[in-house]
Amino acid sequence: MSKWQNQLRNWVSQYFDLPADVMLDLPRITTIGSLHAYIENCTGLLHFSDREVRIQYRRGELSIKGKDLRIKMMLKQELLLEGELISIDFKELKEGG
Amino acid sequence: MRRGQLTVLQGTLVLTVEGQLLEAFIHACVKQGCTFSDITYLNGRKVKVTVLLQDWPVLRRLRKNYRCKIKILTKKGAPFFLNRLRSRKALVTAVLIGFIAAFLLANTLWSIKITGLDPELEAEVESKLSSYGIQPGSSTFSMKQPREIQRLLLEDIPELLWVGVKKQGTSYQLYGVKQTNFDEADKPKPSNIVAAKKGLITKMFISKGRPTAEVNEVVKKGKLLATGELKEDSGEFIEAEGEVLAETWYRVEVDSELEREQNITDGDADHSFSIAINDFSIPVWGFWRKYEEQVRMESYNHSLELFGWKVPVQLRESLIYNNEEQQQSLSSDQSVNNSVETAKQSLLLQLDEEAEITDEKILHESKDHGKVKLILLVKVEENIAETKYVSQGD
């Protein structure tokens with residue numbers, strides 16, 4: 001994805017007041033306290049254990065740490081995580097990476 | 001949560017997946033449209049997952065590529081259940097037969113209840129019903145509607161004024177009203193009232209006719225009490241009606257014994273059952289009891305019926321009561337009282353319902369060979385009016 005395309009998308013979403021996740025292929029994460037995390041727009045599962053789950057999205061990688069993690073349900077672009085969540089870290093890939 | 005509904009019907013598998021490329025494998029499967037749920041971490045490179053049965057081919061196809069080992073832990077859901085049933089044909093047929101039997105029995109007529117009619121008419125209604133195909137044991141599929149039956153019954157039995165037909169579950173309930181014909185009294189039958197018995201008149205009420213006797217008059221049998229001829233010697237008679245109460249007397253002789261034997265049982269009974277085929281019977285229950293004392297036995301046969309056909313095998317129930325014989329000696333006073341009571345009772349049985357005993361007197365009392373002999377005079381008040389038709393000779 002080229003840089004100018006990215007900027008255009010950014011501008012369109014701001015100008016038309018569109019939700020960022022639709023326009024920018026970003027993951028949408030909904031958490032309920034530290035019990036559930038509902039992740040949409042993910043493209044892949046990179047690592048899974050009961051302490052850490054790493055999920056790939058279009059533009060980077062998402063790392064969720066916690067205790068007794070388990071995936072309640074997994075579909076093509078959705079993922080429902082259960083357990084005791086501790087942290088959610090983002091690692092955005094550099095352009096072209 | 002697109003899917004995940006009705007997983008019971010689709011069938012689910014619980015598996016363990018082991019391998020270095022575990023996550024990649026899961027992800028590849030998901031991309032092909034599989035639904036994974038309940039992914040739990042077991043150890044290093046092993047997870048437990050639940051997948052739908054329909055996704056199984058995809059998993060099998062991809063596991064080679066990602067070098068994963070898959071082990072099936074449990075199978076749940078309807079497809080597996082049906083598969084298991086297929087190997088238990090006896091059970092399936094038994095359940096099916098059970099359902100069919102219940103269905104048939106629920107659609108069989110078990111009883112017909114008829115109320116409000118006298119036995120003659122009841123029998124006629126019953127025979128008509130069976131000619132329509134309605135009798136205990138027949139199936140209700142081919143039966144006509146209750147309203148139709150009601151109409152048919154009213155048409156076929158003219159004596160019925162009205163009949164209500166109601167089907168309640170497996171029984172028919174009929175309520176009938178008989179037509180009562182009020183025959184017009186065609187012509188007053190000329191009649192008199194005469195005394196049926198000898199007696200002393202205590203009360204007289206002649207509703208039609210002219211009384212010819214008076215209260216406190218002693219009349220003999222056959223004496224004219226009231227006449228239907230209103231005017232003397234007119235030769236015109238009406239039907240005399242009325243009631244004449246009179247005191248009558250009866251001589252009653254009774255014997256009674258001073259000693260009597262009584263068989264006493266308490267209500268407790270032992271049941272024993274046996275299966276009887278004609279005269280031959282096989283004991284089933286309670287045959288092991290031995291009785292040393294005197295017992296009284298009562299037997300009942302319960303016959304079994306199946307679809308209106310009597311099964312030749314019967315269930316025989318025997319009730320065994322303990323029996324004790326007791327000798328009871330009565331004092332002569334008691335014995336006399338008892339005999340007077342029985343004498344009164346048996347006399348009342350022979351008389352009209354309205355008759356009433358007003359007084360009794362012991363005329364003679366004698367005792368011999370343990371017996372008491374009594375001669376009683378009993379005073380009774382009863383209706384002695386008797387209608388006697390007069391032939392007018394024309």
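The values are calculated or read from the model by the stated rules, or taken from the named source; none is laboratory data. From a predicted model like this one, the values you see are computed outputs, not experimental measurements. Methodologically, a virtual Cβ is constructed for each residue, glycine included, from the backbone with ideal geometry; neighbour enumeration extends over all protein chains shown. These area figures cover heavy atoms from the full protein model, side chains too; ligands, DNA and RNA do not enter into them. Shrake-Rupley method; radii C 1.70, N 1.55, O 1.52, S 1.80 Å.
Counting other Cβ atoms within 10 Å, which GluC sites (Glu not before Pro) in the range B:281-352 have at most 13 and lie in a DSSP loop?
Working: sites: B:Glu292, B:Glu293, B:Glu298, B:Glu305, B:Glu317, B:Glu324, B:Glu325, B:Glu341; in loops: B:Glu292, B:Glu293.
Here the sparse-neighbourhood loop sites are B:Glu292, B:Glu293.
Could you tell me the ratio Rg/Rh of chain A? Both radii from Cα atoms, Rh via Kirkwood. Intermediate results must be reported in sequence, preceding the final value.
On the way: Rg = 14.4 Å, Rh = 14.2 Å.
Here the Rg-to-Rh quotient is 1.02.
Using amide H atoms built 1.01 Å from N in the peptide plane, name the residues 5+ places from B:Phe36, or on other chains, whose amide H lies under 5 Å from its own.
Answer set, sorted by chain and number: A:Met74.
Loop-only check: which chymotrypsin sites (Phe, Trp or Tyr not before Pro) in the range B:178-269 are DSSP coil with at most 15 other Cβ within 10 angstrom?
On the way: sites: B:Phe182, B:Phe205, B:Phe237, B:Trp249, B:Tyr250; in loops: B:Phe182.
Qualifying residues, ordered by number: B:Phe182.
Give a quick list of GluC sites (Glu not before Pro) in the range B:191-270 that DSSP marks as loop, anything other than H, G, I, E or B, with at most 16 other Cβ atoms within 10 Å. Intermediate results must be reported in sequence, preceding the final value.
Values: sites: B:Glu214, B:Glu217, B:Glu229, B:Glu232, B:Glu236, B:Glu239, B:Glu241, B:Glu243, B:Glu247, B:Glu253, B:Glu257, B:Glu259, B:Glu261; in loops: B:Glu214, B:Glu217, B:Glu232, B:Glu236.
Qualifying residues, ordered by number: B:Glu214, B:Glu217, B:Glu232, B:Glu236.
Tabulate in residue order the Karplus-calculated ³J(HN,Hα) for the range B:351-357, using 6.51 cos²θ - 1.76 cosθ + 1.60 with θ = phi - 60°, rounded to whole Hz; enter x for Gly and Pro.
Values, residue by residue: 9, 5, 5, 7, 4, 9, 8 Hz.
Looking at the range A:23-66, which residues lose a minimum of 40 Å² of accessible area between their chain alone and all protein chains in place, measuring with a 1.4 Å probe and not counting ligands or nucleic acids?
At a threshold of 40 Å² (probe 1.4 Å), the residues of the range A:23-66 that become less exposed are A:Leu45, A:Phe48.
Under the Kirkwood approximation for Rh and a Cα-based Rg, what ratio Rg/Rh is obtained for the range B:7-82? If you can, show how the numbers build up before the last one.
Values: Rg = 11.8 Å, Rh = 12.4 Å.
Taking Rg over the Kirkwood Rh, I get 0.96.
Based on the inverse mean of 1/r over its pairs of different Cα atoms, what is the Kirkwood hydrodynamic radius of the range B:185-259, in Å? Before the final figure, lay out each step's value.
On the way: mean 1/r = 0.0717 Å⁻¹.
About 13.9 Å, per the Kirkwood formula over Cα pairs.
DSSP beta bridges in the range B:111-178, what fraction antiparallel, as a percent rounded to 5? Before the final figure, lay out the partial values.
On the way: 8 of 13 bridges.
Rounded to the nearest five, the antiparallel share is 60 percent.
Checking the table B:Lys128/B:Lys178; B:Lys203/B:Lys231; B:Lys144/B:Lys166; B:Lys31/B:Lys75; B:Lys221/B:Lys373 against a 19 Å threshold on Cα-Cα, which pairs fail? Walk me through the intermediate numbers first.
Numbers: B:Lys128/B:Lys178 16 Å; B:Lys203/B:Lys231 24 Å; B:Lys144/B:Lys166 12 Å; B:Lys31/B:Lys75 24 Å; B:Lys221/B:Lys373 30 Å.
Result: B:Lys203/B:Lys231; B:Lys31/B:Lys75; B:Lys221/B:Lys373 exceed 19 Å.
Using a 1.4 Å probe on the protein heavy atoms, what percent of the accessible area of chain A belongs to carbon and sulfur?
Here it works out to 51 percent.
Please work through chain B and write down the cysteines that have no neighbouring cysteine Cβ at a distance under 4.7 Å.
Isolated Cys, chain B: B:Cys68.
Given the rule -39500 (n - 2.57) for each run of at least 4 DSSP H residues, summed and divided by the residues of chain B, what is its mean residue ellipticity at 222 nm, to the nearest 500 deg cm²/dmol?
Computed ellipticity for chain B at 222 nm equals -7500 deg cm²/dmol.
Would you mind getting me the FRET efficiency between B:Gln179 and B:Asn216? Use the beta-carbon distance for r and R0 = 51 Å, nearest 0.05. Show your work: numbers first, answer last.
On the way: r = 47 Å, r/R0 = 0.92.
About 0.60, to the nearest 0.05.
Rank B:Asp279, B:Asp270, B:Asp368 by mean-square fluctuation in a GNM of chain B with C-alpha springs under 10 angstrom and give only the top-ranked residue.
So, out of B:Asp279, B:Asp270, B:Asp368, the one fluctuating most is B:Asp279.
If I take the Cα coordinates of the range B:248-311 and project them onto the principal axes, what are the three extents in Å, biggest first?
61, 38, 22 Å, listed from the longest principal axis down.
Using +1 at the C-beta of Lys and Arg and -1 at the C-beta of Asp and Glu, which of B:His27, B:Thr50, B:Gly286 has the Cα lying farthest in the positive direction of the dipole of the protein assembly as shown?
B:His27
Tally Lys and Arg at +1 and Asp and Glu at -1 over the other residues with C-beta under 15 Å from the C-beta of B:Glu148: what net charge comes out?
Working: positive: B:Lys128, B:Lys144, B:Arg147, B:Arg151, B:Lys166, B:Lys167; negative: B:Glu155, B:Asp156.
Summing Lys/Arg as +1 and Asp/Glu as -1 gives +4.
Give me the summed buried accessible area for the A-B pair, 1.4 Å probe, to the nearest 100 Å². Walk me through the numbers on the way to the answer.
On the way: alone 6650 and 27200 Å², together 32200 Å².
Chains A and B together bury approximately 1600 Å².
How big is the Kirkwood radius of chain B, worked out from every pair of different alpha carbons and given in Å to one decimal?
Details: mean 1/r = 0.0304 Å⁻¹.
Hydrodynamic radius (Kirkwood, Cα pairs) of chain B is 32.9 Å.
Compute the normalised compactness of the protein assembly as shown: alpha-carbon radius of gyration over 2.2 N^0.38 Å, N being the residue count. Walk me through the intermediate numbers first.
Numbers: Rg = 50.2 Å, N = 491, 2.2 N^0.38 = 23.2 Å.
Computed over Cα atoms of the protein assembly as shown, the ratio equals 2.17.
Rounded to the nearest 20 debye, what is the charge dipole size of the range A:25-92 about its Cα centre when +1 sits on each Lys and Arg Cβ and -1 on each Asp and Glu Cβ? Present the calculation step by step, with values, prior to reporting the outcome.
Values: 11 positive and 11 negative charges, 20 e Å.
With Lys and Arg at +1 and Asp and Glu at -1, about 100 debye.
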